[in-house]
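Let me begin by presenting the structure, written as structure tokens, before commenting on it.
The values are calculated or read from the model by the stated rules, or taken from the named source; none is laboratory data. From a predicted model like this one, the values you see are computed outputs, not experimental measurements. Note that each Cβ is placed from the backbone with ideal geometry, even for glycine, and that neighbours are counted across all protein chains shown. Surface areas here come from the heavy atoms of the whole protein model, side chains and all, with no ligands, DNA or RNA. Shrake-Rupley method; radii C 1.70, N 1.55, O 1.52, S 1.80 Å.
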Amino acid sequence: MTTLLQDVRFALRQMRKSPGFTTAAVLTLALAIGANAVVFSIMNAFILRPLNVPHAETLYGLWHQPDNNMAESYLDYLDLRDRNHSFDDLMAYNINEVGLDTGESPSRAWIEETSGNYFDALRIQPYLGHFFHASDEHGPNSAPYIVLTYAFWHTHFQDDRGVIGRVVQVNKHPFTILGVAPPEFHGTLLFFHPDFFVPIVNHDLGGGDQLNARGDRWVFMTIGHLKAGVTPAQAIADLNSIGADLEKTYPKEDRKVTFSLARPSLYGDFVGRPVRQFLAGLMLLAGLILLAACANLGSLFAARAADRSREVALRLALGSSRQRILRGLFTEAVLISLMGGAVGLLGSVQLLGWLSVWQPMSRFPGHLSVNPDAHVYGVALLLALASGFLFGAVPVRQILRTNPYEVIKSGSTVRLGRRMTARDVLLVVQIAICAVLVTSSMVAVRGLARSLHENFGFEVQNTMLAEADLSMADYSADRVPAMQKRMINALQMIPSIESVGIIDQLPLGDETPDSKVFADNTSDLRPSNAAADAAMFKISPEYFHAAGTALLFGRTFTWHDDKDSPRVAVVNRQFARKIFGTVTHAMGGYYKMPDGTRIQVVGIAEDGKYTSLTENPTPAMFLPILQFSSNSAWLVVRSNRDPQQLGATIRSTLRQLDAGLPVYIQTWYKELDAVLLGPRMATLSLGVLGVIGAMLAVTGIFGMAAYSVSKRLRELGIRVALGAQRKEVLQAALGRTFKLLALGSAAGLLLGILATPVLAFIVDQATPRDPLVLAGVVLAMSLLGLLAAWIPAQRALSVDPMILLHEE
């Protein structure tokens, strides 16, 4: 301990004597370790950390294969719950948006509709009041109860304990508040925090019959705790036997599926796999940043050891052991790494705190709970220690081979050989890694640019959206069409509005309804005989004009296309090619719906994006909303007016029609936040990593160039005295550095191209083989090299041979 404390004091003195070196080293490590801490903390929150419920390690969600889906019909859920032998208790839940009226103005709220056994199966205890139970369910709409989340109770009821037993209106139906969930419980989705919970048997408040529809898979997820001693493989076999029996019992549903199990937190493979791939790619790049930082510091430590070679030689000549000198060197490296890790962790904690309160999609109650825990702190400590030993080991060979007598005899003269040294190799490695990071960031930017310039099939500019789901105001089916027409007429009267249309679900929205369609000559309408699975939208006559969707052939709808007229549709190009072979054959042609309804094609619209930005061309059909009614209504309003003023006008206009109808108003561009979240996050993340990589490249090149110039000042002075030109001086001083820059950049660009599969699942719509990306990387690395070498070059060109010779 005595010698260790001596080494620590000596290292601190050395660091104090070189504040510039110490500051640069600490900040370099702070950037690298901070980046790794942030990425690992997000990975820890999304993948490694279980749900905050008791015994989360035994909690699994049911997943359908091969259609990669997790939805169930309610009747199928009941069969699986009652007939399985593998789970303690299977529970189900669904996400929904409702209108809530607590006595003031109605508002929209996000809820989880849960099976009655939900809280009991999760073993959750209420914070206040009590929960509903399976015994409260006695058929459809039999359990009008609410359990508030703690956050919603705190913000909307101001922690009023007298709220228990209070009656509120949900979609204009009375519900009684039973209790409040504990503060740490936010449902069973990792980043979705509902406002309250209601029994799932109340799903058909609007008069529908989804609870009894065997083929309607609307239940979001079925989850449960495995029984003690039951393996996932045994549970899957048990579920598959039930599924096979259901397939035989209900052949019309064509349910050829098998089951798998997945952790319920990240929506199984549907969202979980892309998130895991994205975070794994980010973790790899963050690790490369740490490796580049270690290479940078290793090069600096090697140069520092060369500068201290005379001191090391004197210590050896005076009897010090090489082991003691190396221990002091490692002590200094570990101290620097611990200081860098502390600074980086402090910065990452601040950033993660901001991310934890950030809501990337204003419409949804999404929260990124990524605050660091003991695992993150432990990983940061391990990275700091490993980094210190890694870059501290670079000059070990150099010190072990030091001959004290040769160094003392040579004085201060340092000869720079022409062969590749360890510092050269480290610089090449560092530049290659930084080139990969710069390539990744440029790939992300190109990917986002392509995503934004995709042909969506609709025009988001100058378009407002107003969601008015009439089921939230308890409109019966016969009252819906008249109210929807009244809303359109009222908004069309507002000055500066060009057109107004209605669509039941937005393209690229929360969900895209679809339906199997059949050729007109098909008589057996089983799902296996379908000609295609088409996206299905119900629209009003003015929708195409309001949405900016091009009608290529035929006509759009009129208000005469109602229930008393023949069934018609407008389809997109892909639908026409898939069902009819060509667009010309589609016009005037017929196809069939699953219930046998024949529909005539009266128009062809342009193709678009309906479920995701990366989807392949998808068939889509647009049906008249008067022939196929829907309570859900998105009013699409086209206007050049200021969105904020127009939104207020739309809200007041609709409130005059029905003050009890909750309305959500937003620009269409803002509504795309959800679908653009992935590309934007990838671009931001890779952009930050690219900037860090560029900073490391600048510091590495600057360090090498400055060291090279400082050790060759006498030689450069002699060259200038003998008449060397400025170009020759620069070539002598920095030629080697720029060769290493070119070699490292070429290696990094090649690695970026070889890493195309990795970058492909991090960023859609982009590839390093893009000519603009290649040219951008070459230009960026050249500019970084010029920037880093500017000061050393100025020093080399300002050499005064008289002063140098006088000093010598």
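Taking every Cα-Cα distance in the stretch 166-231 and sorting them into 10 Å bins from zero, the calculated P(r) comes out as 14, 35, 38, 12, 2 percent.
Over all directions, how big on average is the projection of the convex hull of the alpha-carbon atoms in the stretch 485-534, in square nanometres? Please list the in-between numbers first.
On the way: hull surface 24.0 nm².
Projected area, direction-averaged: 6.0 nm².
Ligands, DNA and RNA left out, the 1.4 Å accessible surface of the chain is 58% carbon and sulfur atoms.
How large is the dipole of the stretch 501-580 about the Cα centre if only Lys and Arg carry +1 and Asp and Glu carry -1, each at its Cβ, rounded to the nearest 20 debye?
The dipole magnitude comes to about 340 debye.
Helical content of the chain, expressed as a calculated mean residue ellipticity at 222 nm, amounts to -16000 deg cm²/dmol (DSSP H runs of 4 or more residues, -39,500 (n - 2.57) each, divided by residue number, nearest 500).
Accessible area ranking (1.4 Å probe, heavy atoms, ligands and nucleic acids excluded), largest first, for 220, 185: 220, 185. Counting only lysines at least 8 places from residue 227 when in the same chain, those with an alpha carbon closer than 29 Å to its own are 248, 256. With Cα atoms as the point set, the radius of gyration and Dmax of the stretch 600-751 evaluate to 31.5, 94 Å. Projecting the Cα atoms of 793, 277, 249 onto the charge dipole of the chain, computed from C-beta unit charges around the Cα centre, puts 793 farthest toward the positive end. Exposure check, 1.4 Å probe, all protein chains in place: residue 573 carries approximately 80 Å² of accessible surface. Annotation: per residue accessible area for the chain equals 44 Å², rounded to a whole number [probe 1.4 Å, protein chains only].
Report, in debye and to the nearest 20, how large the dipole of the chain comes out about its Cα centre when Lys and Arg carry +1 and Asp and Glu carry -1 on their Cβ.
Values: 70 positive and 69 negative charges, 1085 e Å.
Value, rounded to 20: 5220 debye.
Its Cα centre serving as origin, the stretch 646-747 has a Cβ charge dipole (Lys and Arg +1, Asp and Glu -1) of approximately 700 debye. Membrane-span-like helices in the chain, defined purely by DSSP H runs whose alpha carbon atoms cover 20 Å or more axially and whose average Kyte-Doolittle hydropathy reaches -1.0, are 2-17, 19-43, 232-249, 268-307, 322-357, 374-392, 422-452, 643-657, 673-711, 726-754, 771-797.
Over all Cα atoms in the chain, the spread is summed up by Rg and Dmax: 33.6, 107 Å.
Kirkwood Rh, the stretch 573-633, all Cα pairs: how many Å? If you can, show how the numbers build up before the last one.
Numbers: mean 1/r = 0.0771 Å⁻¹.
Final number for the Kirkwood radius of the stretch 573-633 is 13.0 Å.
Of the two radii for the stretch 541-651, the radius of gyration is 1.01 times the Kirkwood radius, both from the alpha carbons; that is the Rg over Rh value. Anything over 19 Å Cα to Cα? Flag those among 252/578; 538/609; 538/592; 516/592; 172/538; 252/592, in the order listed. Long pairs (Cα-Cα over 19 Å): 252/578; 172/538. The accessible area of residue 327, taken with all protein chains in place and a 1.4 Å probe, comes to roughly 90 Å².
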